[in-house]
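J.: Below: one structure in structure tokens.
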Amino acid sequence: METQQKRLHRLKRYWQRQARSAWGADYQPANRATRNEAPSRSRPTILCKKNKIGRELHAMSGQELAGILLAIYFPQLFDLNEQRILYPSAMTHPLFGHPQFPGMQLPPFKGTLAVAEALGYLQWHATVSWRSESGEQHDAPMPFVGDLLLFLVDGRGPYCLNWSIKKSAEDFSRPGPADLPIRNPERAQAKAIARHAIEVGYYNDPEIRTVSLAGDSLDPQMISNLLQCFSWQARKSFVSETLERKALTVLQSSANHSSDTPTEIARHFLLRHRLWPEIFNSLMYSLIWSRQLRVDLFQPILRDRPLVSESRDVLSVHGNLFGREG
């Protein structure tokens, strides 16, 4: 059970980092994936800053990690806020003032307090209390913290999506980890349902769709491949455009109708072009990550087996997660 003192410390941290909107490398998540800030039962992961956002990305669970990987793989994503607070009072739209899209007219947030009151859930809105040095009692609303806020652009312009992430679809209506003992299950379930309803209503006001993403709906092999590709592309060394085009041609041909393995192709590039296998591997995975080399991400990508040409595009399979409307 979190003490009021710890909750107050967390509240101060939230406002120090997110008193106003920020983007790109300037954004700070409300909670970082560190031992001190991540929940004790979580599986925190920090993705390195060699990505399109330009900073480290913080995931508090395996499901959030999967969501971040899928989000940054999407070509139309240009920014991402993970662990963003839901402001209790009125707040500007997340896109308002974004340096890439200045001057947009955008609807604001009403705030979670107004949403909770309208839904009849004000009793479930968290608060924090403390006493001043004079002994006076103070109370303040404790912001909820969302999972992922995506910034995307399509033919109609920029828009945002809120991804609320759980392990399974059932978890959206039940509190905390399924294996934790709960004193009052009915009350805890009502609180969990109210929490999710407040989040959906909060984002509905500025016309931002909330996607309830269940981690078990994502193919684990696909996520493993995305993580492997992301990790290798972060190590990519400089390779000339000419050599990169040659590698892409040979690798794509291999995936389509050849029995040559990536290891055999890497050996060829070492002998012919003096390209070391480690550099070749980072190049191959970066080509897959950038969607230039199209291979099947639903099957294992193994360097001692021929590549398999793409039969299902990840973004077509999961395209419903990225649309303005559901």
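J.: Restricting to region 80-107, and then to whatever is of a type in the set (Ser, Thr, Tyr) and open to solvent by 50 Å² or more (accessible area, probe 1.4 Å), can you tell me which residue is farthest from the chain's Cα centre (by Cα)?
T.: Among them, the one singled out is SER89.
J.: Identify all residues within region 146-171 that are open to solvent by 30 Å² or more (accessible area, probe 1.4 Å) and either among the basic types (Lys, Arg) or touching a residue at least 12 places away in the same chain (Cβ under 8 Å) (or both); write none if there are none.
T.: Scanning region 146-171 gives VAL153, ASP154, ARG156, LYS166, LYS167, ALA169.
J.: Still on this structure, I have one more. For ARG305, are the conditions met, namely being more than 21 Å from ASN51 (Cα to Cα), without any contact (Cβ under 8 Å) to a residue 24 or more places away in the chain and not in a helix (DSSP H, G or I)?
T.: No; evaluated as a whole, the condition is false for this residue.
J.: Same structure again: For region 1-24, what are the residues that are small (Gly, Ala, Ser) and either exposed (fewer than 11 other Cβ atoms within 10 Å of the Cβ) or outside any helix (DSSP H, G or I) (or both)?
T.: Listed by number, the residues that qualify are ALA19, SER21, ALA22.
J.: Can you tell me which residues in region 236-260 are out of contact with any Ser or Thr (no Cβ under 8 Å at 6 or more places or on another chain), closer than 16 Å to ARG305 by Cβ and in a loop (DSSP other than H, G, I, E, B)?
T.: Selection gives SER258, SER259.
J.: Can you say whether ARG183 is touching a Phe, Trp or Tyr at 6+ places or on another chain (Cβ under 8 Å) and basic (Lys, Arg), as far as the supplied structure shows?
T.: So ARG183 does not fit the description; no.
J.: Also, I was wondering about something else. Count, please, the residues in region 90-119 that happen to be assigned to a helix (DSSP H, G or I) and either acidic (Asp, Glu) or under 18 Å from ALA22 (Cβ atoms) (or both). Don't jump to the end; show me each part of the working.
T.: Of all residues in region 90-119, those assigned to a helix (DSSP H, G or I) come to 112-119.
When the remaining residues are screened for being either acidic (Asp, Glu) or under 18 Å from ALA22 (Cβ atoms) (or both), the result is 117.
So the answer is 1.
J.: Oh, and also: Scan (1) open to solvent by less than 20 Å² (accessible area, probe 1.4 Å); (2) within 27 Å of GLY157 (Cα to Cα); (3) in contact with a strand residue (DSSP E or B) (Cβ under 8 Å, 6 or more places away or on another chain) for the single condition PHE74 breaks and write down its number.
T.: Among (1) open to solvent by less than 20 Å² (accessible area, probe 1.4 Å); (2) within 27 Å of GLY157 (Cα to Cα); (3) in contact with a strand residue (DSSP E or B) (Cβ under 8 Å, 6 or more places away or on another chain), the lone unmet condition for PHE74 is (1).
J.: Would you pick out the residues in region 261-275 that are within 16 Å of GLU241 (Cα to Cα) and assigned to a loop (DSSP other than H, G, I, E, B)?
T.: Correct list: ARG274, LEU275.
J.: It is to be established whether one or more residues within region 43-62 are of a type in the set (Lys, Arg), touching a His at 6+ places or on another chain (Cβ under 8 Å) and at pLDDT 95 or above. Write out each step before concluding.
T.: Filtering region 43-62 down to residues of a type in the set (Lys, Arg) leaves 43, 49-50, 52, 55.
Still in the list and also touching a His at 6+ places or on another chain (Cβ under 8 Å): none.
Scanning region 43-62 turns up no residue that is of a type in the set (Lys, Arg), touching a His at 6+ places or on another chain (Cβ under 8 Å) and at pLDDT 95 or above.
J.: Here's a follow-up. In region 188-222, how many residues are under 30 Å from PRO300 (Cα atoms) and either outside any helix (DSSP H, G or I) or open to solvent by 30 Å² or more (accessible area, probe 1.4 Å) (or both)?
T.: 10
J.: Collect the residues in region 25-38 that are surrounded by 13 or more Cβ atoms within 10 Å (Cβ to Cβ) and either assigned to a strand (DSSP E or B) or free of Cβ contacts under 8 Å to residues at least 60 places away in the same chain (or both), keeping them in residue-number order.
T.: TYR27, GLN28, PRO29, ARG32, ALA33, GLU37, ALA38
The values are calculated or read from the model by the stated rules, or taken from the named source; none is laboratory data. Predicted model only: the values in this text are computed from it and were never measured. No Cβ is skipped: glycine too gets one built from the backbone with ideal geometry, and neighbour counts run over all protein chains shown. We work out accessible area using only protein heavy atoms, side chains counted, and drop any ligands, DNA or RNA first. Shrake-Rupley method; radii C 1.70, N 1.55, O 1.52, S 1.80 Å.
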